[in-house]
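Shown next, in structure tokens, is the structure this report addresses.
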Amino acid sequence: MFLNRCYWPDSEATGQLLMDLCIDLSEHFDVHVVCGIPNSPTTNQYVKKGIEQRQGVTIHRLSHMHFQKRIPAGRLINLVSFSRAASQYLRKTRLSCDVLVCETDPFLLPVVAAKHSKRTGCKLMCYLQDIYPDVAEAIGKVSSGWLTQTIRAKLRKAYERADRIVVLGECMKSRLSDSPWSIAAEKMHVIPNWSDCSLITPLSVHDNPFRLKHGLSDRVVVMHSGNMGLTQRLNVLIEATQCDTWPERAMLLLVGDGAAKSSLQQQANDIGTDRVKFLPYQPREKLAESFSAADLHIVSMHPNITGCLCPSKLYGILAAGRPVLAIADSQTDLCQTVRQEGLGWTCEPGQANAIADAVSQATLDDASRAAAGERARKVALAKFDRPVVTNLFKNLLNDLLDKPVTTLQDQIA
């Protein structure tokens with residue numbers, strides 16, 4: 001049983017990834033998901049409160065407060081409301097499972113899951129897409145003090161109770177191993193996020209339908225695709241477009257939505273630039289076109305959040321066979337992967353001139369971009385393709401349940 005607010009039909013990455021994982025695991029396990037109301041608008045028909053079956057997965061949809069994410073107070077109410085709804089639902093139904101897998105949307109869910117694990121005797125796996133309250137402290141949303149210490153103490157107790165903890169990268173594992181968390185390293189397992197390489201495939205830039213539709217044929221497209229929050233510092237990207245070394249034909253294309261989108265649009269309007277363009281989230285079936293439309297992709301991380309999360313957008317970019325400019329601390333898994341695999345360029349965050357220089361270097365070197373793109377697709381297929389990664393998760397569950405572990409080769413045989 002998985003516990004997370006975000007799930008199908010939500011368009012947010014965490015919900016789509018969880019849907020992939022649950023569908024793949026349903027071939028081997030009886031999979032249930034306890035989730036909430038989608039954040040993003042959807043035309044899909046779904047049971048808004050209650051139980052439904054979809055693609056082999058049993059979905060338990062809970063009712064909770066649902067304010068727009070751009071309203072800070074409303075966002076907090078949403079998180080508290082879902083945590084409370086999940087706690088009440090699990091306590092009332094006493095849902096029995098072999099393994100309860102708890103994600104971190106909202107961040108206090110592991111506390112709810114730990115109580116249910118103790119109450120029912122099921123195994124507990126904490127699956128961390130991010131580490132709170134560290135993220136909130138790092139970007140200045142909250143100050144370190146009694147509140148964050150209390151939250152961390154409650155979460156640490158839940159993590160100590162867990163039988164397994166899954167993190168997305170070595171940098172996250174290191175952060176949890178260090179003080180003040182001090183979580184036992186042997187309990188933690190690194191399983192990255194993924195992309196479906198059968199859905200996202202490389203398409204030509206020159207006759208790309210997405211570029212044609214949005215009038216981008218004569219521009220060098222520098223794309224950031226995904227959530228526009230405070231952890232990416234996208235305001236510095238917009239500043240970089242005004243630097244002298246930013247290529248004249250290069251357009252910064254920001255695709256997606258998030259809490260910072262309005263302020264970013266206002267920043268671009270105040271500058272009065274034609275070098276920045278905003279587009280909404282793209283349908284999943286169109287991601288091959290949108291990802292392939294970029295000459296260069298940006299993956300940006302606030303320097304203070306090193307080890308707090310690993311951006312999942314990287315894997316869609318690699319699947320599309322496109323080069324990457326990683327703007328992040330050199331110790332992140334993001335930068336280390338880009339450097340070690342030869343997937344593009346890296347740059348320290350927070351410096352608009354340095355970012356503009358890196359964009360100029362990358363966009364003027366056609367041969368290096370093409371070579372990095374070819375390597376990106378190969379790496380995506382070998383390490384970050386959906387069946388490769390979800391099989392790792394299946395094996396971890398089998399290990400927890402003392403069942404035989406299989407490889408993809410075993411299944412094919």
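Within the stretch 21-43, is even one residue surrounded by fewer than 21 Cβ atoms within 10 Å (Cβ to Cβ), within 21 Å of residue 108 (Cβ to Cβ) and either in contact with a Gly (Cβ under 6 Å, 6 or more places away or on another chain) or among the basic types (Lys, Arg) (or both)? Among the residues of the stretch 21-43, not one is surrounded by fewer than 21 Cβ atoms within 10 Å (Cβ to Cβ), within 21 Å of residue 108 (Cβ to Cβ) and either in contact with a Gly (Cβ under 6 Å, 6 or more places away or on another chain) or among the basic types (Lys, Arg) (or both), which makes the answer no. Entry remark, the stretch 188-202: residues being surrounded by 15 or more Cβ atoms within 10 Å (Cβ to Cβ) and either aliphatic (A, V, I, L, M) or touching a strand residue (DSSP E or B) at 6+ places or on another chain (Cβ under 6 Å) (or both) number 6 in total. For the stretch 206-220, the candidate set comprises residues that are touching a helix residue (DSSP H, G or I) at 6+ places or on another chain (Cβ under 7 Å) and surrounded by fewer than 18 Cβ atoms within 10 Å (Cβ to Cβ); within that set, the residue that is modelled with the highest pLDDT is 209. Identification of helices (runs of 4 or more DSSP H) wholly contained in the stretch 128-184 with 2 or more residues that are open to solvent by 40 Å² or more (accessible area, probe 1.4 Å) yields 146-161, 170-177. From the set of residues in the stretch 44-57 that are closer than 13 Å to residue 8 by Cβ and of a type in the set (Val, Ile, Thr), which is farthest from the chain's Cα centre (by Cα)? Across the stretch 44-57, the extreme among qualifying residues is 47. Restricting to the stretch 92-115, name every residue that is in a helix (DSSP H, G or I) and under 18 Å from residue 36 (Cα atoms). Within the stretch 92-115, 92, 93, 109, 110, 111, 112, 113 qualify. Of the set (1) assigned to a loop (DSSP other than H, G, I, E, B); (2) under 16 Å from the mean Cα position of the chain (by Cα), all apply to residue 298 but (1). Can you pull out the residues in the stretch 271-300 that are open to solvent by less than 30 Å² (accessible area, probe 1.4 Å) and of a type in the set (Phe, Trp, Tyr)? Selection gives 291 alone.
The values are calculated or read from the model by the stated rules, or taken from the named source; none is laboratory data. The structure displayed is predicted, hence computed values, not measured ones. For neighbour counting, all protein chains shown are included, and Cβ atoms are generated from backbone atoms with ideal geometry for every residue, glycine included. Protein only, heavy atoms only, side chains kept; ligands, DNA and RNA dropped before computing areas. Shrake-Rupley method; radii C 1.70, N 1.55, O 1.52, S 1.80 Å.
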